[in-house]
Amino acid sequence: MQLKEAAKCNWLPHDSNLVHGLGGPAYRTSRSTYLGSPGIRYCKVASITSSLLHPSNRRYLVDTSSSQAMDPLSITMAAIGITDAAVTGLSALRSKIHDLQDAPEDVSNVRTRLEEVQSSLQALKSVTVADQATQTTCTEVLRTTGVATAVNDCGRACEAFNKKLQSWTKHSTEDRMSFRDRVSIARNKAKIGTLLTRVETCQKTVHFAVSSTQL
């Protein structure tokens, strides 16, 4: 961690005795955090100059702009239990359906719901917390929502369905869907409905998980 001159940095260990000439209201802090060495708490002083800081304490000044401890922490999918294979399964099926020309409505509905799942997952990836303790707590809360099970199960179901869909549409081209393939899809309407229900349930679970991080 780089050191800074007193005039350029106003982070100090949380101990008023460290500041020479400051006391009472002049030593107001806006927030506190842990930086550098474990067990040493630093606080941000409202206003300070090198003339007010005792020389023996200048070594405590830290460069917060280069400190990773001050960067927001994210919640990783792996930490929650969501696998890359599941996310890939969702994405692959959405892409497959997107490439189908004039896909039947029930198949298009699956794609729409998958896009909603992906949007909610992206929102989950965007969640940031201030410190490692909060990150740990948030991760534990997310695990209790069942989001990992929902996404992983849905991902596997999408992967299996994608293989079936490729078989059902093997006579179609990028420009048009063949009549034979439309018949194949119509015959499997129940399977499409089952998958749609699973995807909708997954989307609701992920949305709930994202909402839980805002509590």
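Read-outs throughout are calculated quantities, based only on the coordinates presented, and are distinct from any laboratory measurement. Bear in mind that the values here come from a model prediction, so they are computed numbers and not experimental data. Methodologically, a virtual Cβ is constructed for each residue, glycine included, from the backbone with ideal geometry; neighbour enumeration extends over all protein chains shown.
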State yes or no: is Ala123 over 18 Å from Asn109 (Cα atoms) and among the small types (Gly, Ala, Ser)?
yes
Yes or no: region 180-195 includes at least one residue that is surrounded by fewer than 20 Cβ atoms within 10 Å (Cβ to Cβ), under 25 Å from Ser120 (Cα atoms) and charged (D, E, K, R).
yes
Enumerate the pairs (first residue in region 194-213 and among the aliphatic types (A, V, I, L, M); second residue anywhere and surrounded by fewer than 16 Cβ atoms within 10 Å (Cβ to Cβ)) with beta-carbon separation below 7 Å, excluding pairs fewer than 6 apart on the same chain, so at least 6 apart or on different chains.
Leu196/Asp106; Val210/Ala123
